[in-house]
1. Could you say whether any residue in the stretch 461-470 is surrounded by fewer than 20 Cβ atoms within 10 Å (Cβ to Cβ) and not in a helix (DSSP H, G or I)?
2. List every residue pair whose Cβ atoms sit under 7 Å apart, with the two residues 6 or more apart in sequence or on different chains, where the first one lies in the stretch 643-668 and is surrounded by 14 or more Cβ atoms within 10 Å (Cβ to Cβ) and of a type in the set (Ser, Thr, Tyr) and the second, anywhere, is in a strand (DSSP E or B) and at pLDDT 90 or above.
3. Give the residue that is farthest from Gly475 (Cα to Cα), with candidates limited to residues of the stretch 513-560 that are part of a loop (DSSP other than H, G, I, E, B) and polar (S, T, N, Q).
4. I need the full set of residues from the stretch 584-626 which are farther than 19 Å from Asp208 by Cα and in contact (Cβ under 8 Å) with a residue 60 or more places away in the chain, in order please.
5. Identify all residues within the stretch 167-213 that are closer than 20 Å to Thr30 by Cβ and either in a strand (DSSP E or B) or touching an Asp or Glu at 6+ places or on another chain (Cβ under 8 Å) (or both); write none if there are none.
6. Could we say that Lys533 is in contact with a strand residue (DSSP E or B) (Cβ under 9 Å, 6 or more places away or on another chain), closer than 28 Å to Met710 by Cα, surrounded by fewer than 17 Cβ atoms within 10 Å (Cβ to Cβ) and not hydroxyl-bearing (Ser, Thr, Tyr) here?
7. Return the only residue of Lys322, Lys347 being under 23 Å from Leu253 (Cβ atoms), surrounded by fewer than 19 Cβ atoms within 10 Å (Cβ to Cβ) and at pLDDT 85 or above.
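The values are calculated or read from the model by the stated rules, or taken from the named source; none is laboratory data. Quick caveat: nothing in here was measured; it's all calculated off a predicted structure. Counting neighbours? That spans all protein chains shown, and the Cβs are built from the backbone with ideal geometry, glycine included.
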Amino acid sequence: MEKHYDAGNIKVLKGLEAVRKRPGMYIGDTNVGGLHHLIYEVVDNSIDEAMAGYCDTIDVELTSDGSAIISDNGRGIPVDMHPTEKLPAATVVLTVLHAGGKFDKDSYKVSGGLHGVGVSVVNALSKKLVLTIKKDGNTYRQEFEKGIPTSNLEVIKTTNRTGTTIEFYPDDEIFETVEFQREILEKRFREIAYLNPKVRINFKDNRDGYKEVFHFEGGLDQFVNDLNNKEVVAKSVSFSEKVDDLEIDFALLYNSGYTENLLSFVNNIKTPEGGTHEAGFRAGLTRAITSYINENANAREKDIKVTGDDVREGLIAVVSVKVPEPQFEGQTKGKLGSSYVRPLVQKMAYDNLVKYFEENPNEAKAIMGKALMAARGREAAKKARDLTRKKDNFSIGTLPGKLADCQSKDPEISEIYLVEGDSAGGSAKQGRDRVFQAILPLRGKILNVEKARLDRILSSEEIKNMITAFGCGVGPEFDIEKLRYHKIIIMTDADVDGSHIQTLLLTFFFRFLKPMVEAGHVYLAQPPLFRYKKGKKEIYLKDEKALNEFLIETGIDGVSFEGIGNKDLISFLKLVARYRTLLTQLRKRYSVISAIRYMIENEDLAGYEYSEIFEKIKEFLLSKNYNILNHYVNSSGVTIYVQTENGLEELVINDKLFENYIFEEALYVFNQIRSRDLKFDKDFIEILNDIESNAKKGAYIQRYKGLGEMNPEQLWETTMNPENRTLQRIKIEDAQSASETFNLFMGDEVEPRRNYIQDHAKDVKNLDI
């Protein structure tokens, strides 16, 4: 029987004014993360309806004018008068902080939007919000601006459907960016769909017509299989059980890798910092596997002590719990604190896995073998560490011989440069400030740790040198308090080999020294790519963008255009430089770039039928005196064979072109150029080229390929002097995504990497052959 859901179920805790003053307290930040959090809050309300059994479809739409529309087919927010507020309940939900059905246990047994601040915070941080409710045979509508109603809740028509639709425009006075990023949203929607197999999320991006449906009937079992990209050692299995008022679901599989990939959720909210549910699952899993080993391993194997880390090597798992009143640590809900959850999850995981191992001996033996192999590797790694320490004790100094240490013993001001090769290492040693800068040259490319266990990793001389120099150990003995340098700076050449070395080092840091990265101690040096010299003037420029901007600012001297100030002209030409770069990137993918540019600068063509597009393009090509040799036109695109100054070229115009992200960005940049409404006698790209040529007259521009091309003074001045240098701090914004990326590019599986390279080969910006 459907429970009555009306205004009496809406509990109120007042105060909405603070949200606009301190938005970060409610959504984390006012940047990209906080912006997307607004959509999550509204979608989470719809998911709560789904978990309560009243909703199975959610539609999310991004509009071309910057709004987001979220609709569901749930019961609809109550519209009757609230008993204490004397306003319609829907208005209360939208305008009062801590007002919602989540505080009323009869309405929602479990809820992701625990604090009930969700939709009222979204309202407060939107310059406009439109609420539409279908309920009790009517469609209701109300509008708000910055959290304040601008109309009453009114019936606008009748309907035989139910549900809630919220359209909101993020307030650009609050947010640093108001442009939604599709990839971020899709990641969250995909997770929600795995966790709720009965729910279908229809996602549409009207900015380019993109559509996607997220619906996974396989649930968590399908989730762990889709997370896996290595050879399976023990196939996936999933369990679901209700214990007291707690719903526990988990799925797992084992692969041939050496790392653990565990995702956890509470009431559909991802808990990246884990919590009591994760701890309970890990404890139950460890106990089940060690019990099986004790009962089934042979005498020699029983002597091997297996730890929790051993049983989780190669584990891919998803743990999801539904908790009536969860206690989170902080509003961002990153960690579950409810203590009673741990023993319940632990017992459920243990009981189900023990039974599963009894009924599936082949899978159980495979998992046991994997854990025993990991334990042997851990023991070998421990012996390697002990051996290193003994060797250090017998040597004159415990630090590696190649390390040129700094004089300071204060970690807070000390920094170490990991430098590619002895040649650059020599320049760095001569150019450094020896008071606080240490230099450790690395010979060649270090071991790819993604393909090796810790015992093999510790046999690598270069890795041993780094671990010894850092001073904080590795593996179980890691202690960040013993770190000798609070800045670890990777300094490599700006070529393919340098990028590869950076990637190998970052893989090592991410997999084995992650707390150092999380604490913000790891950096990439940014040596300049260009040196501009004209007379006595010498300037170092970080990259091509910086070079372009410098040439514009230098070349504009003595150039003027009627009615345009220098500042506006410089700003305009920087946009043109960006547009030119995008056209260069498109040239790698498409022939007859002048025709592609014509498509961009006449963007209404994208809405024409392909037969009409052909006529327009034909007219353009003939105006350029190009000869059309042949053409094909159908409902899926246009193909034209054109004789140009470059010879015979194939021009292809289809949906792939219009959906290409470089083409879309070029459209966006050109619209910015056009909005400036500046008039010139010649093409704006030609004007840019002329101004850059003016800057290059009598100048020498050097493009550095390696650090070895700089003498010690230049290296100090450009890359090592704290007053001049630029450092890029390495941050882990999404550990799961980072792990998947390292797996893809550095792991054993060749096929996914080959597919990625084939798909993105033409996107390469700097190819060093």
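1. no
2. Note: no pairs meet the criteria.
3. At the first step, the residues of the stretch 513-560 found to be part of a loop (DSSP other than H, G, I, E, B) are 513, 519-521, 526-529, 535-536, 542-543, 556-560.
Next cut, polar (S, T, N, Q) only: 526, 560.
Working: Gln526: 30, Ser560: 63 Å.
For the stretch 513-560, the residue satisfying everything is Ser560.
4. Taking the stretch 584-626 and keeping what is farther than 19 Å from Asp208 by Cα, we get 584-585, 587-595, 611-612, 614-626.
Of everything in the stretch 584-626, those that are farther than 19 Å from Asp208 by Cα and in contact (Cβ under 8 Å) with a residue 60 or more places away in the chain turn out to be Gln585, Lys588, Arg589, Tyr590, Ser591.
5. Correct list: Phe168, Tyr169, Pro170, Val178.
6. Working: in contact with a strand residue (DSSP E or B) (Cβ under 9 Å, 6 or more places away or on another chain): yes; closer than 28 Å to Met710 by Cα: yes; surrounded by fewer than 17 Cβ atoms within 10 Å (Cβ to Cβ): yes; not hydroxyl-bearing (Ser, Thr, Tyr): yes.
When the stated conditions are applied, Lys533 passes them.
7. Numbers: Lys322 fails: surrounded by fewer than 19 Cβ atoms within 10 Å (Cβ to Cβ).
Result of the check over Lys322, Lys347: Lys347.
Matching residues to (1) touching a Phe, Trp or Tyr at 6+ places or on another chain (Cβ under 6 Å); (2) within 24 Å of Ala52 (Cα to Cα):
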| position | (1), (2) |
| --- | --- |
| Glu183 | no, no |
| Arg190 | yes, yes |
| Arg207 | no, no |
| Gly218 | no, yes |
| Asn228 | no, no |
